[in-house]
Amino acid sequence: MASKVVLITGGSSGIGKSVGAFLFDKGYTVYGTSRNPKKYPQSPFPLLALNVKDNASISDAIASVMEKEGRLDVLINNAGAGITGPLEEIPEAEMKANFETNFFGPINVIKAVLPQMRTQNSGLIINVTSIAGYMGLPFRGVYSASKGALELVTEAFRMELKAFGIEMCNVAPGDFATNIAAGRYHAPLQEDSPYHASYSKSLELMDSHVDSGSDPNIMAKAIFDIIMTEKPKGHYKIGAFMQKFSIVLKRILPDKVYEKLLMNHYKL
């Protein structure tokens, strides 16, 4: 049997690159995407030009895969963007831009691949979300909201797609050692802001979490295991024990107690 054809958005660095390299080594036919593939000539697998905010580029990338392979078995919606700042001070345009990348972008890629997967009567779509999407985190509220929205939409998609033999799931990573912090939009630290002290401390804490994060190959192995699963679950959480356990705590603790735990963690 021919190897499965996999498309990974945001495949030039971080988790996407690790997943692509892992699957490529396992014998999969892997295509990654990047807004500017020419910047990554050393990629171990082909990179296609794709901007999740541009429907024309999405269509062109899918068409390129179909022209070369004639099928698409797995879509990994990995492209995403970070954003931090006090909700009061983040410009509305930046909030909308983050949702364009983290929410509407993945949905538009899904819509572009569904006709082919429906024709095949098979396919797997994996949406990379975040453990942050399970809770509203201080100074990361927009990011939490965009990833949480994708989590919920996936639940609805799963039920709508069952009749066509197409599976979909979320994989929510915790903190991994990637370059996401460098690419985040940071609302500026303003000296006269009432949030200056608390936001500054939270920024340092967030960056330290990424710097000391887990090996992205852990995510690669987890996604490989999901692809090998006949009937994937709806939700997977991958990360340090306490990050995953925080979701359980939110479910079982009273709201005020859980809120206090988060505030203590972020030194608020």
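For the pair ASN108/GLN120, report the inter-label distance in nm, with labels modelled 7 Å from Cα in the Cβ direction.
2.3 nm
With all pairs of different alpha carbon atoms counted, what Kirkwood hydrodynamic radius in Å does the stretch 96-183 show?
Details: mean 1/r = 0.0721 Å⁻¹.
One over the average 1/r among Cα pairs gives 13.9 Å for the stretch 96-183.
What's the FRET efficiency of SER200 with ALA97 using the Cβ-Cβ distance as r and R₀ = 30 Å, to the nearest 0.05? Mind dumping the intermediate values first?
Numbers: r = 23 Å, r/R0 = 0.78.
That gives a FRET efficiency of 0.80.
Between LYS221 and ALA163, what is the FRET efficiency for a Förster distance of 35 Å, r being their Cβ-Cβ separation, to the nearest 0.05?
On the way: r = 31 Å, r/R0 = 0.89.
E(calc), rounded to 0.05, equals 0.65.
Work out, step by step, the length gained on full extension between LYS260 and GLU191: first 0.36 nm times the residue separation, then minus their alpha carbon distance; give nm to one decimal.
On the way: separation 69, 0.36 × 69 = 24.84 nm, distance 2.67 nm.
Gain in length upon complete extension: 22.2 nm.
Any idea what diffusion coefficient the stretch 132-268 gets from Stokes-Einstein, in µm²/s, Kirkwood Rh on alpha carbon pairs, 25 °C, 0.890 mPa s? Mind showing how you got there, number by number?
Values: Rh = 16.9 Å.
It comes out at roughly 145 µm²/s.
Determine the order of HIS265, HIS186 by accessible area, beginning with the largest, at a probe radius of 1.4 Å.
Correct descending sequence by accessible area is HIS265, HIS186.
For the chain, what is the accessible area per residue in Å², given a 1.4 Å probe and the full set of protein chains? Before the final figure, lay out the partial values.
Details: 12990 Å² over 268 residues.
Ligands and nucleic acids excluded, the result is 48 Å² per residue.
What's the percent breakdown of Cα-Cα distances in the stretch 1-149 across 5 Å bins, shortest bin first?
With 5 Å bins starting at 0, P(r) equals 2, 10, 19, 21, 19, 14, 9, 5, 2, 1, 0.
Give me the percent of Cα-Cα pairs in the chain that sit more than 24 Å apart, rounded to a whole number. Intermediate values should be presented prior to the final figure.
Numbers: 17281 of 35778 pairs.
For the chain, the fraction of Cα-Cα distances above 24 Å is 48 percent.
Taking the Cα-to-Cβ direction at GLU230 and at GLN42 and moving 7 Å from each Cα, how far apart do the two end points lie in nm?
The answer from the label model is 4.3 nm.
I want to check the label-to-label distance for LYS267 and LYS244. Put each point 7 Å from Cα in the C-beta direction and report it in nm to one decimal.
Rounded to a tenth, the inter-label distance reads 2.9 nm.
Relative to the longest principal Cα axis of the chain, at what angle does helix 196-211 sit, 0 to 90 degrees, rounded to 10?
40 degrees
The values are calculated or read from the model by the stated rules, or taken from the named source; none is laboratory data. This one's a predicted model, so the numbers in the text were calculated from it and none came from an experiment. Positions of Cβ are generated from backbone atoms using ideal geometry, with glycine treated the same way; all protein chains shown enter the neighbour counts. Protein only, heavy atoms only, side chains kept; ligands, DNA and RNA dropped before computing areas. Shrake-Rupley method; radii C 1.70, N 1.55, O 1.52, S 1.80 Å.
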